[in-house]
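Before any comments, here is the structure.
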Amino acid sequence: MDSFSNNELAVRLRHGDLEAFNTVYGKYHAALYLNVIKLTKDPALTEDIVQEVFTALWERKHSLKEDQSIAAWLFAVSYYKSVDAVKLKLKEAAVIKLLATSQEEPEKANLADMQLDILNRALDHLSPQKRKVFTLCKMEGKSYEQASAQLNISKHTVKEYLSEAIKSVKIYLHNHPELNTSMAIAVLINQLF
């Protein structure tokens, strides 16, 4: 199977040929791993991402085009998944740092509680779907693609909902000056938007 061209492998994959998939896996696994670890610097995370990429290839095998470069597809998907994972890792580190700081300084804990309360009030005015999109993308750090897959809507719809949700939250904050009694709003807006 190693002698098959990219086109033949794409056709065989599209038809669910497990041997073709195993050939692609064997051919590109090491190269993907080396490429991803340069971005993540984390062997366990790298292995997870590489497995996600191959899982995505198998799940999307029916959409492969005969002339599509399988290698280019694998490297592009692995790059975007790596960037998303690094962003999430950075956000998690920031949250952990904020929580540690909050436990040491009660004023900061109160500020974080106030921010969360204000944000929840603003989110209560959104439709359920827009609230889910906002929560996934802005609070959980998911990409448009991840939110799209989780909610079973298009990436374009995710982008539109998120834009409308952000606008709605900003309008809510602007129209409720009684909430602006501290720097909570400014900090919240800078963190989320």
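The values are calculated or read from the model by the stated rules, or taken from the named source; none is laboratory data. Because the structure is predicted, anything quoted here is derived from the model rather than measured. Positions of Cβ are backbone-derived with ideal geometry, glycine not excepted, and every protein chain shown enters the neighbour counts.
Residues of the stretch 34-56 that are closer than 24 Å to Phe4 by Cβ, under 18 Å from the mean Cα position of the chain (by Cα) and hydrophobic (A, V, I, L, M, F, W, C): Val50, Val53, Phe54, Ala56.
So, Leu126, is that one crowded, with 18+ Cβ neighbours inside 10 Å and either assigned to a helix (DSSP H, G or I) or at pLDDT 80 or above (or both) or not? Judged against the criteria, Leu126 is a match. Of all residues in the stretch 52-75, those satisfying the criterion of being loosely packed, with under 13 Cβ neighbours inside 10 Å and in a helix (DSSP H, G or I) are Thr55, Glu59, His62, Ser63, Ala72. Does Arg14 meet the test of being loosely packed, with under 15 Cβ neighbours inside 10 Å and either charged (D, E, K, R) or over 22 Å from Glu145 (Cβ atoms) (or both)? No; evaluated as a whole, the condition is false for this residue. Out of curiosity, is Lys81 of a type outside the set (Val, Ile, Thr), more than 17 Å from the chain's Cα centre (by Cα) and not assigned by TED's automatic domain parsing to the domain that holds Leu136? Criteria not met by Lys81.
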